[in-house]
């Protein structure tokens, strides 16, 4: 299916998927976490997916649909997805959660130095 196309159930194929792979040799299952991004005429949309393999093995998956949150830019869509994913990882204390939090810190665009021009 082409990126941006909607299937008969109303789920879009993402244009881009940011993925935190599970670092196990030969692993063929789900990644630790992913953020799906879609760009359309109304802006950007994002969906999150995660699967923790410690303790209760909590997981969550969102499809990209017309009900997915809209954002004005790609960076805003990533930040919105990170905002939804961060609490799930922050309330845990295991290796997967720590990896997700570090990955989200890497994904967040650096904030511009608003006062650099005053120096």
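Computed from the coordinates by the stated procedures, all read-outs in this text should not be read as laboratory data. Computed from a prediction, not measured in an experiment: that's the story for all the values here. Here the Cβ positions follow ideal geometry from the backbone for every residue, glycine too, while neighbour counts run over all protein chains shown.
Each label point was placed 7 Å from the Cα along the Cα-to-Cβ direction; for residue 8 and residue 101 their separation is 4.5 nm.
Beta bridges assigned by DSSP with both partners in the chain are antiparallel in approximately 100 percent of cases. Value of Rg to Rh for the stretch 1-64, rounded to two decimals, is 1.04; Kirkwood radius and Rg both from alpha-carbon coordinates.
With springs connecting C-alpha atoms under 10 Å apart, model the chain as a Gaussian network and identify which of 85, 64, 107 has the largest mean-square fluctuation. Result: 107 has the largest fluctuation of those listed. Here the Kirkwood formula puts the hydrodynamic radius of the chain at 15.5 Å, using every distinct Cα pair.
The residues 44, 103, when put in order of fewest to most other Cβ atoms within 10 Å, stand as 103, 44.
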